[in-house]
Amino acid sequence: MKILVVGSGGREHALAWKISQSERIQTVFVAPGNGGTALDGNLHNIDITDLNELADFVEKEHVALTVVGPEVPLAAGIVNLFRARGLKIFGPTKEAAQLESSKDFAKSFMQRHNIPTALSQTFSDSVAAHAYIDQQGAPIVIKADGLAAGKGVVVAMSLEEAHGAIDMMLSDNKLGDAGARVVIEEFLPGEEASFIVMVDGKNILPLATSQDHKRLKDHDEGPNTGGMGAYSPAPIVTPELHARVMREIIIPTVQGMAKDGIPFTGFLYAGLMIDDKGHAKTLEFNCRMGDPETQPIMARLKTDLLSVMEHAVAGTLDTIELEWDRRTALGVVLAAAGYPDAPRKGDLITDIPPATTDCVTFHAGTLLDDNKRLLSNGGRVLCVVGLGDSVKMAQRQAYAAVDMVRLDGVQLRRDIGWRAIKK
Ligand code: AMP
Ligand code: GLY
């Protein structure tokens, strides 16, 4: 059987790696892929990003099923296009992807369906937005309505910062259309967790829990990034909290989307803020898997992912259960010099240790040049995942491998997993 994975990041490398372990797999294509998917003998990069050309390729090659990693093709309607051509694909339609592609859509959806989230209001007029901020006070959170590649959220600790964010988005148009409307919401204190499930329109299959590390530097300092490391499971998500999140957030979301006439299919990711009483609110929805959360999650998945995907597309996710490695998986991101503002490209990468049962490295911003040299090609370059019987042991495995890798100017955090270890 032939499968296509759309995307080029660490998430897509991990998904393709896992799918390729299925015995029924003939080829896993990755479009466009990266240096790691190019080096992996079981994967095959194809240099196509245009959605119509991808559909042509899938028809020509008789690809049985397509899995989409990133939000941009989903928001552009890749699922609508493939379905209209009778091609099997796992992901949300363009309409359902609005849960991620429009913060305003997500907020009004959550308000309408009583899903716990921060109080908020949406503005396109800067005068009204400034007045609202003065009335609410700081800390306060400003979010661009549209997709802004991780640059659309300002957690303002002072009024000055909050007003600056409004000027940047509404007056100076720094984020273009994505920032033409802003959601201003109350600041929620607490600890974050990533809650990711698979949805087939009706049935929900939760994946293992995880926690990301958004800030660039140790002790959660420095600028926000796409994520500098993640581990699974996340002990903050106790069985009680898990049940509660399903009951209060995930099930009402899936039922609410169906009720609103836009049934959700695909990975649904709720970013949670958990307060000190153990109550969770939704910070955001993503209509895809997390990156880097996918890397430790896939390292723990024991079930054949191809058959899971087939059930997801057939609408029979209620008939299967997932089996997980009991160990903790912990992924450390190796980022390029200059990340996140201006990542440097073209640095040579060497000495990545070979995969073992305790460690595997997924590629993100890498490419294989004509001389078969591996070069950096983006902000987040690699994610090294270690597995161990405790978070501490998984951390030790991961950093032992990280320390072998050579990449000039590399930036990484030394404290991935610290919250779980502190518990
Ligand atoms: P988002 O893209 O909405 O998840 O926001 C990016 C990051 O900003 C989150 O991962 C949080 O760390 C932070 N954040 C977002 N909304 C809030 C909020 N209401 N209160 C506190 N922090 C927030
Ligand atoms: N790691 C956060 C995200 O994928 O949005």
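The values are calculated or read from the model by the stated rules, or taken from the named source; none is laboratory data. Note that this is a predicted model, so its numbers are computed, not measured. Backbone-built Cβ (ideal geometry, glycine too); neighbour counts: all protein chains shown. The protein model used for the area step is the full one, side chains on, heavy atoms only, and it has no ligands, DNA or RNA in it. Shrake-Rupley method; radii C 1.70, N 1.55, O 1.52, S 1.80 Å.
Go through the range 174-196 and give me each residue that's of a type in the set (Gly, Ala, Ser), modelled with pLDDT of 95 or more and open to solvent by 40 Å² or more (accessible area, probe 1.4 Å). Spell out how you get there, then give the answer.
Step one: of the range 174-196, the residues of a type in the set (Gly, Ala, Ser) are 176, 178-180, 190, 193-194.
Keeping just the survivors that are modelled with pLDDT of 95 or more gives 190, 193-194.
Correct list: GLY190 only.
ALA270 passes all but one of (1) in a loop (DSSP other than H, G, I, E, B); (2) surrounded by 22 or more Cβ atoms within 10 Å (Cβ to Cβ); which number fails?
Of (1) in a loop (DSSP other than H, G, I, E, B); (2) surrounded by 22 or more Cβ atoms within 10 Å (Cβ to Cβ), only one is false for ALA270: (1).
Quick grid of which residues meet (1) touching a residue at least 12 places away in the same chain (Cβ under 8 Å); (2) more than 14 Å from ligand 1 (Cβ to nearest atom); (3) within 27 Å of SER108 (Cβ to Cβ); (4) open to solvent by 10 Å² or more (accessible area, probe 1.4 Å):
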residue: MET198; (1), (2), (3), (4): yes, yes, yes, no
residue: LYS217; (1), (2), (3), (4): yes, yes, no, yes
residue: PRO223; (1), (2), (3), (4): yes, no, no, yes
residue: PRO233; (1), (2), (3), (4): yes, yes, no, yes
residue: VAL245; (1), (2), (3), (4): yes, yes, yes, no
residue: VAL254; (1), (2), (3), (4): yes, yes, yes, no
residue: ALA258; (1), (2), (3), (4): yes, yes, yes, yes
residue: ASP275; (1), (2), (3), (4): yes, no, yes, yes
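ALA299 - would you say it is of a type in the set (A, V, I, L, M, F, W, C), under 17 Å from ASN114 (Cα atoms) and either within 16 Å of ligand 1 (Cβ to nearest atom) or at pLDDT 95 or above (or both)? Show your work before the answer.
Details: of a type in the set (A, V, I, L, M, F, W, C): yes; under 17 Å from ASN114 (Cα atoms): no; either within 16 Å of ligand 1 (Cβ to nearest atom) or at pLDDT 95 or above (or both): yes.
For ALA299, the condition - of a type in the set (A, V, I, L, M, F, W, C), under 17 Å from ASN114 (Cα atoms) and either within 16 Å of ligand 1 (Cβ to nearest atom) or at pLDDT 95 or above (or both) - is not met.
What single numbered condition from (1) out of contact with any helix residue (DSSP H, G or I) (no Cβ under 7 Å at 6 or more places or on another chain); (2) farther than 27 Å from VAL381 by Cα; (3) touching a residue at least 24 places away in the same chain (Cβ under 8 Å); (4) of a type outside the set (Asp, Glu) fails to hold for LEU81?
LEU81 satisfies all of (1) out of contact with any helix residue (DSSP H, G or I) (no Cβ under 7 Å at 6 or more places or on another chain); (2) farther than 27 Å from VAL381 by Cα; (3) touching a residue at least 24 places away in the same chain (Cβ under 8 Å); (4) of a type outside the set (Asp, Glu) except (1).
Working only within the range 14-68, note down all residues that are acidic (Asp, Glu), out of contact with any Pro (no Cβ under 8 Å at 6 or more places or on another chain) and in a loop (DSSP other than H, G, I, E, B).
Once the filter is applied, which keeps residues that are acidic (Asp, Glu), out of contact with any Pro (no Cβ under 8 Å at 6 or more places or on another chain) and in a loop (DSSP other than H, G, I, E, B), the range 14-68 yields GLU23, ASP40, ASP50.
Checking the structure you have, find out if any residue of the range 365-382 is free of Cβ contacts under 8 Å to residues at least 24 places away in the same chain, farther than 18 Å from GLY227 by Cβ and either open to solvent by less than 50 Å² (accessible area, probe 1.4 Å) or assigned to a strand (DSSP E or B) (or both). Quick ask: steps written out before the conclusion?
Filtering the range 365-382 for residues free of Cβ contacts under 8 Å to residues at least 24 places away in the same chain gives 369-372.
With the extra rule that they be farther than 18 Å from GLY227 by Cβ, the set shrinks to 369-372.
Add one more test, that the residue is either open to solvent by less than 50 Å² (accessible area, probe 1.4 Å) or assigned to a strand (DSSP E or B) (or both), and what stays is 369.
Checked the range 365-382: at least one residue is free of Cβ contacts under 8 Å to residues at least 24 places away in the same chain, farther than 18 Å from GLY227 by Cβ and either open to solvent by less than 50 Å² (accessible area, probe 1.4 Å) or assigned to a strand (DSSP E or B) (or both).
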